[in-house]
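Data first, discussion second: the structure below is written as structure tokens.
Nothing in this text is a laboratory measurement; each read-out follows from the coordinates by a stated rule. Keep in mind the model is a prediction, meaning the values are calculated, not measured. Please note: Cβ atoms are built from the backbone with ideal geometry, for glycine as well, and neighbour counts cover all protein chains shown.
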Amino acid sequence: MTHIITALCTRQGDCVEVCPVDCIVPGAKDDPDWGKYFYIDPDTCIDCGACVPVCPPEAIFPEEDVPAEYEADIKMNYDYFGEGPGYWDFDLEEERAAR
Ligand code: SF4
Ligand code: SF4
């Protein structure tokens, strides 16, 4: 199981600062395919829930609780690490700029 960031993400980056296992990564803001949101690595997330209350738009859910209208975002999070860019050496202050 993992937590999932949905399309409600506004790239504020607060989740990155509290994740104890550093498994939240921004899609580079200039990347047209992945740049709108941040993503959680499903293989590393320990489901601690620390990111949920710090997210201003309440964009993060346990995978089993993702609302039906954001179900496609589950695949997005998996794909970002499976097929997409995955981890990279980002500057949080630069990347948390408004999308
Ligand atoms: S705290 Fe919420 S809005 Fe901010 S980057 Fe994380 S998921 Fe997106
Ligand atoms: S649930 Fe915990 S481990 Fe998973 S992304 Fe959120 S803060 Fe990180």
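Applying 0.36 nm per residue to the separation of ALA68 and THR10 and subtracting their alpha-carbon distance, the gain on full extension is 18.9 nm.
Across the chain, the relative contact order, built from alpha-carbon pairs under 8 Å that are at least six residues apart, equals 42 percent. Between VAL18 and ASP89, the contour length at 0.36 nm per residue exceeds the alpha carbon distance by 23.8 nm.
Each residue in TYR39, TYR70, TYR78, TYR87 was given a count of other beta-carbon atoms within 10 angstrom of its own, and listing them fewest first yields TYR87, TYR70, TYR78, TYR39. Under the shape rule built on the C-alpha gyration tensor, where the axes satisfy a ≥ b ≥ c, the range 32-76 is rounded, since a/c falls short of 1.5. Taking a point 7 Å out from the Cα of ASP79 in the direction of its Cβ, the residues of the range 31-60 whose backbone N falls within less than 11 Å of it are 33-34. Cβ crowding within 10 Å, taken as a proxy for footprinting-reagent exposure, orders GLU71, GLU93 from fewest neighbours to most as GLU93, GLU71. Taking amide H positions as modeled 1.01 Å from N, with prolines and chain starts lacking one, the residues under 5 Å from TYR39 and 5 or more places away or on another chain are VAL25, GLY27.
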